[in-house]
Amino acid sequence: MRKLLTLGNPKTEKSVEFGYLTAVLHLAPYKASGINVCPMAEQAGCHVGCLNTAGRGGISKGSKRFKTPAGMLPDNAIQHCRIERTRMFADNQPEFMRRLYQEIRAFIRKCEREQLKPAIRLNGTSDLLWEKIPFPVSDNKRGIHMVYTNVMAAFPNVQFYDYTKIWKRFEREVPANYYLALSYSLASQKYAAACTRAHEERDASLVIVVRDQETKDFHIELGGIDGDIHDLRFMDPPGSMVYLKAKGKARKDRSGFVID
């Protein structure tokens with residue numbers, strides 16, 4: 001299996017211009033691995049136009065596809081690797097966390113060498129409650145054997161951030177070094193209303209995927225933030241309205257996740 005963290009991503013690479021290097025953990029989204037790592041996917045409608053198959057994740061030799069519990073996916077190494085990672089997280093979490101700890105430490109050292117600040121997204125293609133998942137650390141060389149409240153507590157000087165569709169996360173405190181942006185959708189009135197409440201009452205920043213450049217430009221002229229300039233959402237002011245142009249399958253999505 002490949003490494004857990006991925007550094008090569010066209011959007012996160014833009015972060016270098018702002019002094020950050022970003023590492024992303026990509027799991028198999030929704031139910032692709034047989035484990036639902038995106039609990040709000042159906043209510044938000046995002047499982048239809050998921051970015052999982054955007055870019056290289058959507059390319060396979062001869063357009064070959066394979067069956068998963070969530071439907072057909074391109075038969076390529078990226079998709080199989082994401083499923084394998086997710087299965088490891090579910091079936092052998094101690095080993096998963098051990099590898100994640102080692103890779104984050106290596107990533108921090110790389111950032112130091114390149115004189116960049118580290119930023120980490122653990123939900124590149126998932127929506128797990130990382131703030132509630134205990135993080136065991138066992139490092140014989142450093143003499144460390146303990147369990148942190150979460151991975152953010154183990155690396156307090158690293159900026160973690162994620163997009164989420166779990167609006168209830170904004171009703172409780174998350175670690176100071178973990179920034180969450182709420183992904184908006186009109187797929188259901190209940191979900192849209194919950195996002196609006198979180199925005200108005202909790203100052204949650206809303207990230208909105210729009211159909212085309214013209215629509216995005218219109219909202220940016222009204223004071224919205226262009227979310228395609230960089231991926232560093234923690235740099236946005238609290239309560240921002242962030243607009244992204246639909247990519248991959250999302251361009252044809254009609255669930256309400258992509259806004260016209």
Working only within the stretch 177-209, note down all residues that are under 18 Å from Asn123 (Cβ atoms) and part of a loop (DSSP other than H, G, I, E, B).
-> Asn177, Tyr184, Ser185, Ala204, Ser205
Which numbered condition Arg169 misses (of (1) part of a helix (DSSP H, G or I); (2) more than 29 Å from His47 (Cβ to Cβ); (3) in contact (Cβ under 8 Å) with a residue 40 or more places away in the chain) = (2)
Out of the stretch 239-253, which residues are at pLDDT below 95, more than 20 Å from Glu42 (Cα to Cα) and over 18 Å from the mean Cα position of the chain (by Cα)?
-> none
If Ile166 satisfies every condition in (1) within 25 Å of Glu84 (Cβ to Cβ); (2) touching a helix residue (DSSP H, G or I) at 6+ places or on another chain (Cβ under 9 Å) but one, which is the exception?
-> (2)
Filtering the stretch 132-149 down to residues that are within 29 Å of Gly45 (Cα to Cα) and either modelled with pLDDT under 95 or touching a helix residue (DSSP H, G or I) at 6+ places or on another chain (Cβ under 7 Å) (or both) yields none
Some residue of the stretch 23-44 being small (Gly, Ala, Ser), farther than 26 Å from Val158 by Cα, at pLDDT 85 or above and touching a Gly at 6+ places or on another chain (Cβ under 9 Å) = yes
Pick from the stretch 231-245, criterion touching an Asp or Glu at 6+ places or on another chain (Cβ under 7 Å) and not aromatic (Phe, Trp, Tyr), ranking: surrounded by the most Cβ atoms within 10 Å (Cβ to Cβ) = Val242
Would a scan of the stretch 174-183 turn up a residue that is touching a residue at least 60 places away in the same chain (Cβ under 8 Å), under 20 Å from Gly256 (Cα atoms), polar (S, T, N, Q) and buried (at least 22 other Cβ atoms within 10 Å of the Cβ)?
-> yes
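The values are calculated or read from the model by the stated rules, or taken from the named source; none is laboratory data. Only a predicted model underlies this, so the values are computations on that prediction, with no experimental measurement involved. All Cβ positions, glycine included, derive from the backbone under ideal geometry; neighbour counts span all protein chains shown.
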